[in-house]
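Structure record follows, encoded as structure tokens.
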Number of protein chains: 2
Amino acid sequence: MVSPAITPIIGILGLGVAGIILAGILKKSKGEGVPVSISEKIQRGAMVFMRREFMLISLVSVIIGALIYFFQKPEYAGQQTIAFFLGCIASSVAGFIGMYTATRANIRTTIAARDSGTAAALKIAFSGGSVMGLTVAAMGLIGLGGLFYAFNKNIHVAEIMEGFAMGASVVALFYRVGGGIFTKAADVGADLVGKVEAGIPEDDPRNPGVIADNVGDNVGDVAGMGSDIFESYCGAQIATIAIAASLATRAGAEVFEKFGVSGPEAIPTLMYLPLLLTTVGIVCSILGILLVNMMAAKEPAKALRYGTMGSAILYIIAAFGVCSMLSLSFNIAYCILCGAVSGIIIGTVTEYYTGGKPIRDLAAQGETGVATIMISGLSLGLKSVAIPLLTIAATVYISFEFANLYGVGLAAVGMLGTVGITMAIDAYGPIADNAGGIAEMSHMGEETRKITDGLDAVGNTTAAIGKGFAIGAAGLAALALITAFIQKAHIDSFDFTDQSTLRTFFVGLFIGGVVPFLNGAITMDAVGKAAFDMINEIRRQFREIPGLLEGKAEPDSDKCVDIATAAATKRMMMPAILAVGTPIAVGFGFKATGAGAIALTGTLCGALLGCILLALMMSNAGGAWDNAKKYVEEGHHGGKNSEIHKGCVVGDTVGDPFKDTSGPSMNILINVMAIVSLVIAPLL
Amino acid sequence: MVSPAITPIIGILGLGVAGIILAGILKKSKGEGVPVSISEKIQRGAMVFMRREFMLISLVSVIIGALIYFFQKPEYAGQQTIAFFLGCIASSVAGFIGMYTATRANIRTTIAARDSGTAAALKIAFSGGSVMGLTVAAMGLIGLGGLFYAFNKNIHVAEIMEGFAMGASVVALFYRVGGGIFTKAADVGADLVGKVEAGIPEDDPRNPGVIADNVGDNVGDVAGMGSDIFESYCGAQIATIAIAASLATRAGAEVFEKFGVSGPEAIPTLMYLPLLLTTVGIVCSILGILLVNMMAAKEPAKALRYGTMGSAILYIIAAFGVCSMLSLSFNIAYCILCGAVSGIIIGTVTEYYTGGKPIRDLAAQGETGVATIMISGLSLGLKSVAIPLLTIAATVYISFEFANLYGVGLAAVGMLGTVGITMAIDAYGPIADNAGGIAEMSHMGEETRKITDGLDAVGNTTAAIGKGFAIGAAGLAALALITAFIQKAHIDSFDFTDQSTLRTFFVGLFIGGVVPFLNGAITMDAVGKAAFDMINEIRRQFREIPGLLEGKAEPDSDKCVDIATAAATKRMMMPAILAVGTPIAVGFGFKATGAGAIALTGTLCGALLGCILLALMMSNAGGAWDNAKKYVEEGHHGGKNSEIHKGCVVGDTVGDPFKDTSGPSMNILINVMAIVSLVIAPLL
């Protein structure tokens, strides 16, 4: 067996690579004058959000940590609590580094676009994304690998590591849901008062909400997305480890045969395997990042695609290598292949529904009015769930054939193995978007704006793939966690032919189904209410700051950031309570009837299904409306300011909370529910 | 034990009462001249639709009947096939009588409104609804009661009766889904070309689509709703009978103790009990209908409410009486109480979300534009699912405590027992609506129109309750059918601790979850495409018929009805295939792996959850948009033609296919899937 020390070591090396890339970015020119001051405001705003969230996270995590410490089984309560705090810290650090980098890379991308053209600008934006991607992967390897190294002789190593995943989930809840509310509140608020009421253009520096809007891009799409992926990444690995640990009591000889091992003595290897695979994965990601940088000068869109595909292929080959090195059956590698392929399928379907013929058809619906754009968009969202869901179903079926439930966990690891580069491409998008905003605000002219718009467009396509990936991975990770929960809850008679079990399961299923729908409603309302707070503040500034509209006075941007932060922080408590509280309430509520685990299983099944369905439906409908609007803006169906364009703007406004707040919050919701259930399983 | 002959006899008597009421309606004056010719056109149009659907149903039912005959277990294939055809016929006859009555009551309601005022008009409209309600209940009692009487000595009586439920389901699929597409295609088509393009008012006789629009109200809300309720009504009873039948092999002494009986020798009584309860239910409904007629002169809204509540209370009391007469435990009656109460809760919640403070808030959202109306409406729909779902969960939990799974079936019977009057109130709505349309088209003046509008408004409130009732009942009936399926599929080792079972279940769950989302997309698209066909036809007539716009020539209304019928018939095939095909494909597809029943269980769980959630979400969002529009039209927020009104019109247009096509089709979808599964269970 390979020494488990290798995982945290490679993790630290990965962090080092990220550091080198970051140093390279910081060396680039950030220009001077207006753009710098704008960029500094964005940096400051981002830090206001991070600080506020961090304080809240500290408070909440101390409470949750104390609950774990006092109520968890005493055999490992202490270590699990420590792991929980480490998970919180690791996710926060990853988010902080990502935000720090993104808010420095944006201005440098703008300057590079102005001074050196597309290739140089792309390189900086992508490097910024790479720092985020590698940090996410590296923090996972350092945290999970370190814990495994420290506790791999402890029979409760899986339980201890679950604490880490729970920490990551709690932080993700704050960054993703809070960030999602922040970003859309700022966006809607700035647009509504600025464009509609004051009649000034988008991204105009006179608008007090514009900085908050730009901060929002970083908060939602960098920190939020990063913590989301980090959570799935940790969840997938820990679920696989937990399933491997449960093999000791549950597996017969025919199961071990599937893995190509002789028996239970191979369990330590099987437990380490997911970590080893992600360790290999970060190396493949780094190679992919190099490939992008080499190709960037020629064709930007191709560079990103080749980099992603290249590292995925490399990763699959490496998985076969690992199997061969450890004398494991290739069945293991087939599971990795299965997960990677299904990630690509889901991503491609997402790209199709949010960028292909469907959005052209959607725009064409505008000929008969706003209502038909709405109906068609909703219908598009509803039907877009089919292939991804069936792909996940097929992945579960096939990977199980190869390596039972352990294989399902591995498929999730396969989908998430090259997180270093997929996340890099996700984070590239908001950096390019911000760069465009800075160019606009500092009046850099058509030429620069055209380059940044081009970068943004490239990012949109690849980001769609990334989004599909994120949902698929979250779903598969959650599924693996749920199966780990079922295995662990020691449900000795989970037998549907027992009527009472059946009843309890259905009751749980209905409760679970309500959760994502309620979460969708709460997050959508939260955006509306938070936007309302923003609108009032922006209106106040236009009213009370003399000379603001004439460009003679500075707006108080910090105040707007503050308002959005406060609103986001306040409004994310309900979703957080729903996510953490539901499994606890159901589990312990039904414990008295002796069926806590069964009811909770039903709840998790209902919530899993609802979350994946709504996440896909909302993200895809939102993305389609957004891109239909852009398609019309390119000059189709009468172009900008035509009736059809106005219809598409309505679609886009509805789609905003769909795709950037409610939809993504579903990924977190189900993973938090699953990991909380796994942690409380021994107590039920 | 009471003789089972009583059920079909009371059924025939119920049909007799319906006949007497119908004769009473036909005796009323139908006026002369223009209104009569309009009403005759509506009658003719309705018959065109019925005839076409009937031909298609005949074809499809012969195919399905042949499949049952040749592939079902030979012990009862013949009888089940006959029962299937009887189910098709019973549902079709109920639909035909309902449509016949509604299209005759509408004109007479108009004339009564003109000549004698509100009370007289209400009585006719409600009598029309009563004929439909009583016919639905009576056909159920005659069909199910007759079959039970004929085969109660046959050990396969439950299986034979399942054929009847399947027949009812297949017909419901055609009337409800086809009717839903027809009604919205006609509505949208007539409005768009008439109001928007030709600039003539709503319900203007020059518009070729107006008759089709009025036909649509009957087709969707009378025949469609009737067949939907009929299906749930039969499904609930048969599920309970099937569960009772399975007690012989599955129940221990403690279960029989719950029912207050000594052992398996009471099974025949338990099997007959749901039929006996619905037999009592029709009597309670008739008494409730009498109460409404007595009170109608004073306060119309109160009359409808007192009638419904009165018969529900009577029914609950009667249930205790039945228990006491048959020396059964009151546990049985508590289940009935439980179902009735939960129906009332769900209905009240529906009323709240589509009529209370939420719709005033929704209209207020219009201040910030169309997009916020859309977002708030969707959010309202999402959150409106919570209480109904939790109510269903509680109903399942509590009724199981009283009488195990048999109790869950009884709760569904409890919810549906007074179908005679709840359905009467549902069917009252479209009759009042049609009466208004006829008044408008024949220019009867303000006064008459005001009365019919008042009747319509009363109907809307009570119809909301009815709609919630229908969804709750469909959900509970489907759940009972699914549990009956699980009991019957002889899944000897449905054990979640077996990893392979768990895997197969999840794969099934994902497939099942896709079905309602796909059905939603297909039905919404179908409305759009069918409306497009209508639009083209109406445009053609305006273009090609000289003097049409000047009122000098008659439009070819029949042609429009024909187009809408053809479009509806064609576009409903996909949802039908999805509903019937999915359980067959999953069941037999996984049969080779030995896990057909387990996979299908997963699929049914996923589809059940998705169907109830989407049905509630879509119906409530659609209802809320509709009523927000009406609220603005009453003069709030600037009244008709204000910007906010325009926003609400967009909401209403999106809500139309939500609440009248896609939402209601979910009820049918899950019940068809459940009954098909139950029928094929022995073959898996």
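Summing +1 for each Lys or Arg and -1 for each Asp or Glu among the other residues whose beta-carbon sits under 14 angstrom from that of B:L481 gives -2. Each copy carries A:E299; placing its label point 7 Å along the C-beta direction from Cα gives inter-copy distances of 7.6 nm, listed from smallest up. Taking square-rooted eigenvalues a ≥ b ≥ c of the alpha carbon gyration tensor, is the stretch B:17-70 rounded, prolate or oblate, where a/c under 1.5 means rounded and, failing that, a/b exceeding b/c means prolate? The shape class here is oblate. In chain B, the beta carbon lying closest to the axis that superposes B onto A belongs to the residue given here with its whole-angstrom distance, B:D495, 2. Label-point spacing for B:G594 across the identical copies (point 7 Å from Cα in the Cβ direction), in nm and ascending order: 3.1.
Both radii were evaluated on the Cα set of the stretch B:6-683; the Rg over Rh quotient, with Rh as the Kirkwood radius, amounts to 0.97. Straight-line reach from A:K41: taking Cα to Cα under 13 Å and skipping same-chain neighbours fewer than 8 places apart, the aspartates and glutamates in range are A:D213, A:E554, A:D556, A:D558, A:D562. Compute the helix-to-body angle for B:446-488: its Cα long axis versus the longest principal axis of chain B, expressed 0 to 90° and rounded to tens. For B:446-488 against chain B, the angle is about 20 degrees. Of the peptides B:601-613, B:354-366, A:387-399, the order by per-residue mean of other Cβ atoms within 10 Å, starting with the highest, comes out as B:601-613, A:387-399, B:354-366.
Basic side chains Lys and Arg get +1 at the Cβ, acidic Asp and Glu get -1 at the Cβ, and with that the dipole of chain A about its Cα centre reaches some 580 debye. Summing +1 for each Lys or Arg and -1 for each Asp or Glu among the other residues whose beta-carbon sits under 15 angstrom from that of A:T569 gives +4.
Of A:T269, A:T249, the sequence from fewest to most neighbouring Cβ atoms within 10 angstrom is A:T249, A:T269. The distance separating the Cα centre of the stretch A:440-490 from that of the stretch B:127-191 comes to 48 Å. The relative contact order of the stretch B:6-683 comes to 22 percent, based on Cα pairs under 8 Å that sit 6 or more residues apart. Compute the acute angle (0 to 90°) between the alpha-carbon long axis of helix B:118-151 and the principal axis of greatest extent of the alpha-carbon atoms of chain B; round to the nearest 10°. Helix B:118-151 sits roughly 30 degrees off the main axis of chain B.
Seen against the Cα atoms of chain B and their longest principal axis, helix B:643-657 is set at about 40 degrees. Please label the shape of the protein assembly as shown as rounded, prolate or oblate, based on the square roots a ≥ b ≥ c of the eigenvalues of the alpha-carbon gyration tensor (a/c under 1.5 means rounded; beyond that, a/b larger than b/c means prolate, else oblate). Because a/c hits 1.5 or more and a/b fails to exceed b/c, the protein assembly as shown counts as oblate.
In order along the stretch B:90-97, the Karplus-derived 3J(HN,Hα) couplings, from 6.51 cos²θ - 1.76 cosθ + 1.60 at θ = phi - 60°, round to 4, 5, 5, 4, 4, x, 5, 4 Hz, and Gly and Pro are given as x.
Quick one: Cα centre-to-centre distance for the stretch A:629-662 and the stretch B:605-684, in angstrom? Each part's Cα centre sits 25 Å from the other's.
Rounded to the nearest Hz, the phi-derived 3J(HN,Hα) couplings of the stretch A:616-626 under the Karplus curve 6.51 cos²θ - 1.76 cosθ + 1.60 (θ = phi - 60°) are 5, 4, 5, 4, 6, 4, x, x, 5, 4, 4, where x marks glycine and proline.
Near A:S642, once Lys and Arg are set to +1 and Asp and Glu to -1 for all other residues with Cβ below 11 Å from its Cβ, the sum equals -1. Couplings 3J(HN,Hα) of the stretch A:25-34, computed from phi: 5, 5, 6, 5, 5, 10, x, 7, x, 3 Hz, in residue order, whole Hz [Karplus 6.51 cos²θ - 1.76 cosθ + 1.60, θ = phi - 60°; x for Gly and Pro]. In terms of its C-alpha gyration tensor, the stretch B:225-372 has a prolate overall shape, because the principal axis ratio a/c (a ≥ b ≥ c, square roots of the eigenvalues) is not below 1.5 and a/b outweighs b/c. Distance between the C-alpha centres of the stretch A:361-424 and the stretch B:42-108: 39 Å, rounded to the whole angstrom. Each copy carries a label point for B:V2 at 7 Å from Cα toward Cβ; from one copy, the others' points are 7.4 nm away, ordered from shortest.
The fewest-to-most ranking of A:V527, A:V196, B:V580 by surrounding Cβ atoms within 10 Å reads A:V196, B:V580, A:V527. Footprinting exposure proxy ranking of B:H636, B:H443, fewest other C-beta atoms within 10 angstrom first, gives B:H443, B:H636.
Available extension along the chain between B:K153 and B:K552 is 136.9 nm, counting 0.36 nm per residue and deducting the alpha carbon span.
Taken together, the values in this text are just the output of simple stated rules run on the coordinates, not laboratory data. None of the values given here were measured: they were computed from a predicted structure. Neighbour counts run over all protein chains shown; Cβ positions are idealised from the backbone, glycine included.
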